[in-house]
Amino acid sequence: MVDHDPIESRAQPIVIPPGGGRAIPLGGAGVVHLKAGRRETGGTISAYEYVAPAATAGPPVHLHRGWDELFYVVEGEMTFLIDGVEHAAAAGALVFIPRGVLHTFWNAGAVPARQLTVFTPGGIEDYFDAVTEVMAAGGENTLEAAAALMAEHDMIVPPGARAAYGALGKDDESR
């Protein structure tokens, strides 16, 4: 028998049914469905389901200073650019990106793609809430403002990175 120290956690068990979770709209870039966030998990993880519309860009190339990120592609195919290397990830693929690694992702396909994304520690939902407000307000500088929010939420976007989110252009599809 193994003697374990008691585990202290502010988290409680949770079960989210299919289709459940808090919807966070990202304009033309789709919708994030937050399944579990920092508050529900005692800060340990944030998990969300994301449906990327066909031919849709994700965020600009960026890195997380304090988050590790795991993606599981449930349907369709996503493309990931990780440290300058492009990877096609079909349904069933798992992608892990440790903190400090430049990356982005997009759906170059003709059909929507769905992925489950897990961040550790939790808290990415604060960024999604903020970027939703910026995108809903609209305006000429919406994409630039969305990218600027990344710096406020533990992310670094290299100088010259293209603004993203939304429909892919011809140049984006042929990276």
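Just a few scattered comments:
- Residues considered: ASP68, ASP83. Of these, the only one that is touching a strand residue (DSSP E or B) at 6+ places or on another chain (Cβ under 8 Å), modelled with pLDDT of 95 or more and at positive phi is ASP83.
- Selection status of VAL74, assigned to a strand (DSSP E or B) and either within 16 Å of the chain's Cα centre (by Cα) or closer than 22 Å to ALA161 by Cα (or both): yes
- Within the set GLY92, GLY66, GLY123, GLY138, the sole residue that is under 15 Å from SER46 (Cα atoms) and surrounded by fewer than 16 Cβ atoms within 10 Å (Cβ to Cβ) turns out to be GLY66.
- Positions within region 30-57 being within 23 Å of ILE16 (Cβ to Cβ) and assigned to a loop (DSSP other than H, G, I, E, B), in sequence order: GLY30, GLY37, ARG38, ARG39, GLU40, THR41, GLY42, GLY43, THR44, ILE45, PRO53
- Taken together, the residues in region 38-49 that are buried (at least 17 other Cβ atoms within 10 Å of the Cβ), at pLDDT below 95 and in contact with a helix residue (DSSP H, G or I) (Cβ under 9 Å, 6 or more places away or on another chain) amount to 1.
- Residue within region 88-105 that is among the hydroxyl-bearing types (Ser, Thr, Tyr) and not in a loop (DSSP other than H, G, I, E, B) present: yes
- Criterion violated by ALA11 - all others in (1) over 12 Å from THR117 (Cβ atoms); (2) in contact (Cβ under 8 Å) with a residue 40 or more places away in the chain; (3) surrounded by 15 or more Cβ atoms within 10 Å (Cβ to Cβ) satisfied: (2)
The values are calculated or read from the model by the stated rules, or taken from the named source; none is laboratory data. The model shown is predicted, which means the values in this text are computed figures rather than measured ones. In this analysis, Cβ positions are derived from the backbone assuming ideal geometry, glycine residues included, and neighbour counts consider all displayed protein chains.
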